[in-house]
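Notes follow once the structure below has been shown.
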Amino acid sequence: MQTIREGLQAAIDYIEENLDQELDVHDVAARAYVSAYHFQRIFSALCGMPMGEYIRCRRLTLAAQELAAAKYSRSPLRLKVIDAAVKYGYDSPDSFSRAFRRFHGVVPSQAGLPGVMLRSLAPMKIEESQEAKQMMDYTIETKDAFTVVGFLRHFHNETSYTEIPAWWGEMLAKGMPLDGEFGVCIDADGCEFDYLIADRYQSGQPVPEGCVTRSIPGGMWAVFPCTLRTLQDVNTQMWRDWLPACREYRLAGSYNLEFYHPLNEADPPSSKAELWLPIVPA
């Protein structure tokens, strides 16, 4: 059976074959047999950058190579800046030039000139690292369906790692009327998702002003213990190491949870937490 790691390589190969075409995350994720929502998280953890950034960097790499080669071409059909802009999906030569300069540090017309340095990102190859992996603890648990109540905000996959902790800080500073038992991620469209700072909700209880409720399906979960200090590192390791190599389970719904134990007031960063990933047998 194909692992997620193997599926991700198939998705990257598809990206590489279509860099001069419009790429949709749902089409790319289909090559890895996971949802667009989960694919973006796995891609970022394994590749060290969001999918959108990888595509931008690869396109600008190829554009620079082609423009530089055109400097030495005798063909009257050699690539021009406007041709490169159109080929790699930019609305205008100006927007292409701005992106090119941010990446390479020079304008497109300088590509290939003597002494002009260009940047290059090679095609990604997903290979099993030979480095020793950090041990990872987890349990497989079955949980009944339940409902949460909480404050909701919309986030983009590419910026959520910094924006969500900032929002937690903002809400705690306001003295929100919740314990903050859960952080709930629910797919919106593959690129963006809803995140709730939430508590477990009991039917009939009043819903605090500004809050919403969401139902969490019952089923199997892979549960990864961590602390507030290690939460993001464990989250990255879960997507990067544990899930891609797993053959016994596959991802279930397009959501995942953070569960927070009561705060250790004496040493808040050491407070216990868990990451919950929905799974089903492969």
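The values are calculated or read from the model by the stated rules, or taken from the named source; none is laboratory data. What you see is a predicted model, and the numbers here were worked out from it, not measured in a lab. Using ideal geometry, Cβ is built from the backbone for each residue, glycine included, and neighbour counts are taken over all protein chains shown. Each accessible area value is taken on the protein alone, full model and side chains, heavy atoms only, with ligands, DNA and RNA left out. Shrake-Rupley method; radii C 1.70, N 1.55, O 1.52, S 1.80 Å.
Quick notes on this structure:
- Local electrostatic count at Trp239 - Lys and Arg +1, Asp and Glu -1, tallied over other residues with Cβ under 12 Å: +1
- For the stretch 4-86, carbon and sulfur atoms together expose 51% of the accessible surface, with a 1.4 angstrom probe and every protein chain in place.
- When only alpha carbons are used to place a centre, the stretch 80-111 and the stretch 1-48 end up 26 Å from one another.
- A cut-off under 12 angstrom between Cβ atoms defines the neighbours of Phe259, and their net charge, with Lys, Arg +1 and Asp, Glu -1, is -3.
- For the stretch 196-282, trypsin sites (Lys or Arg not before Pro) are listed when DSSP marks them as loop and at most 12 other Cβ atoms sit within 10 Å of their Cβ; the list is Arg247.
- Between Thr213 and Asp13, the FRET efficiency estimated from the beta carbon spacing at R0 = 30 angstrom works out to 0.10.
- On a per residue basis, the chain carries 54 Å² of accessible surface, using protein heavy atoms and a 1.4 Å probe.
- Non-local Lys pairs in the chain, i.e. 8 or more apart or on different chains, that have alpha carbons under 20 Å apart: 4
- Carbon plus sulfur fraction of accessible area for the stretch 87-218, probe 1.4 Å, in percent: 50 percent
- Between 0 and 90°, nearest 10: helix 160-174 axis offset from the chain longest Cα axis: 40 degrees
- From the Kirkwood radius over Cα pairs of the chain, Stokes-Einstein at 4 °C and 1.567 mPa s returns a whole-number translational diffusion coefficient of 61 µm²/s.
- Cα pair distances exceeding 18 angstrom across the stretch 142-282, given as percent: 58 percent
- Modelled label positions at Lys125 and Tyr138, each set 7 Å beyond Cα in the direction of Cβ, lie 2.7 nm from each other.
- Sorting 109-115, 145-151 by average packing, meaning the other beta carbons within 10 Å per residue, from highest down gives 145-151, 109-115.
- The stretch 1-128 shape via C-alpha gyration tensor axes, a/c threshold 1.5: prolate
- Pro281 sits among other residues whose Cβ lies under 10 Å from its own Cβ, and their net charge, with Lys and Arg +1 and Asp and Glu -1, is 0.
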